[in-house]
Amino acid sequence: MALLSIRNVFKSYFLHGKRIDVLRGVSLDIERGELVSLVGASGAGKSTFLHVLGTLDAPAAGEVLFEGRSVFSMNDAEIAEFRNRTIGFVFQSHYLLPEFTALENVAMPALIQRRERAGAYAYARELLERVGLGQRVDHRPGELSGGEAQRVALARALVLKPAVLLADEPTGNLDPATGEGIHQLLREVNRELGITAVVVTHNETLARSMPRRLRLAGGGVSEA
Ligand SMILES: Nc1ncnc2c1ncn2[C@@H]1O[C@H](COP(=O)(O)OP(=O)(O)OP(=O)(O)O)[C@@H](O)[C@H]1O
Ligand SMILES: [Mg+2]
């Protein structure tokens with residue numbers, strides 16, 4: 001059974017009396033342990049797709065199945081519980097908490113889950129070192145560069161060792177070398193922690209370095 005299945009998913013936005021059909025019947029299986037890149041033009045619907053896949057946004061029609069179970073048939077509290085437990089999300093905008101340091105931001109999901117504090121901070125620090133920010137743990141988001149903030153957001157998404165990592169352009173603000181370092185880290189967490197990951201990127205070279213490649217165009221997803 002696939003870890004994640006998307007079955008005939010439709011998603012539209014309605015704004016100022018106009019309808020924008022973004023996802024038009026997307027079906028797809030993602031197996032446990034896969035590392036997948038997703039490319040497509042700006043506005044094609046990559047973020048929309050990731051939000052539906054990550055249960056942040058319900059589709060207008062169709063189903064998202066996790067291990068065969070339809071996630072949107074659960075109630076809101078159950079969906080939120082499922083999401084917190086299962087999915088690590090790196091948003092296109094980082095959404096770090098401005099009044100907390102990088103270290104506190106990364107540890108936060110673990111502290112909210114009432115994990116043991118010293119262990120949570122130790123693992124948060126280790127993750128920050130792995131994204132190259134061992135010297136920035138005490139900086140607040142306003143005291144970080146855009147790319148550094150994105151790397152903090154990636155570390156935060158990994159702190160609970162989620163089954164699934166959904167990353168929306170985690171290397172969007174990074175120079176090529178740092179971007180390649182982040183993709184290297186994604187390959188490592190995929191291999192070492194068995195985290196299944198879908199990574200949106202505009203960088204074709206990095207996209208091609210992923211074992212499976214998807215392209216979103218015309219409201220549909222195809223293997224690229
Ligand atoms: N809340 C919204 N209301 C109305 N339209 C929206 C909304 N969010 C997104 N859209 C539209 O839906 C389309 C898909 O948006 P989406 O953010 O998924 O694109 P994307 O592929 O992630 O683009 P980018 O590469 O620029 O991040 C776009 O045309 C966008 O203008
Ligand atoms: Mg986007």
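Data for the structure
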item	result
Relative contact order (%) - the chain, alpha-carbon pairs under 8 angstrom, separation at least six	29
Helix 76-86 axis, angle to the chain major axis (alpha carbon atoms, nearest 10°)	60
Magnitude of the charge dipole, the range 4-223, Cβ model with Lys/Arg +1 and Asp/Glu -1, debye to 20	300
The range 81-120 and the range 144-177: distance between their alpha carbon centers, rounded to Å	12
Measure of compaction for the range 4-223 (Cα Rg per 2.2 N^0.38 Å)	1.00
Farthest positive-ward along the range 4-223 dipole, Cα basis, beta-carbon charges - from Pro109, Ala153, Gly33	Gly33
Degrees between helix 117-130 axis and first principal axis of the chain (Cα, 0 to 90, nearest 10)	80
Descending semi-axes in whole angstrom, ellipsoid equivalent of the range 1-103, from the Cα gyration tensor	22, 20, 15
Folded to 0 to 90 degrees: helix 176-192 orientation relative to the chain principal axis, Cα	80
Residue exposure sequence - Val71, Val52 - by fewest surrounding Cβ within 10 Å	Val71, Val52
The chain: calculated mean residue ellipticity at 222 nm from DSSP helix runs of at least 4, using -39500 (n - 2.57)	-11000 deg cm²/dmol
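Bear in mind these aren't lab numbers, they're just calculated from the coordinates by the rules spelled out. Keep in mind that this is a model prediction, so the values were computed, not measured. Note that each Cβ is placed from the backbone with ideal geometry, even for glycine, and that neighbours are counted across all protein chains shown.
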